[in-house]
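Below is one structure; the comments refer to it alone.
A short reminder: the numbers here are calculations on the coordinates, not readings from a lab. Everything numeric here is computed off the predicted structure, so don't read it as measured data. Backbone-built Cβ (ideal geometry, glycine too); neighbour counts: all protein chains shown.
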Amino acid sequence: MTEQEIHLELLMGQQVVDETGRPAGRIEEIVAEINGAECLIEEFLVGTYAVFERLSAWTIGRAFLSLLGAHRQGRGYRIPWAKLDLSNPEQPRLCCPVSELERLG
């Protein structure tokens, strides 16, 4: 396994696209595990619902989105570390179809 060092603050807000260039959402949250001196990224949360997870405001957020007429699509996804190509951190790309990702909400 190769190590990769990335400035996480530069990933926040970046648009993630799938293999065909279709947008999957913007990176809103990064889930990591601290193990001694290492910080290991587990997954990225993208999309509208990811914002509410970061703020721990699921109930209020869902109600607010419903009032605005938010549709089921585009709510957000969990992207495991291994399924996100960060070779170009300014243009993160999925290594799988969006249909393989776990939906948020």
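How much length is gained if the chain between GLU100 and ARG22 is pulled fully straight, taking 0.36 nm per residue apart and subtracting their Cα-Cα distance, in nm to one decimal?
Numbers: separation 78, 0.36 × 78 = 28.08 nm, distance 1.43 nm.
Gain on extension, GLU100 to ARG22, equals 26.7 nm.
Sequence-distant or interchain residues sharing an amide H contact under 5 Å with ALA32, placed H: which?
GLU42
Under a plain spin-label model, where a point goes 7 Å from the Cα along Cα-to-Cβ, how far apart in nm are MET12 and ASP85?
Taking the simple label geometry, MET12 and ASP85 are separated by 2.7 nm.
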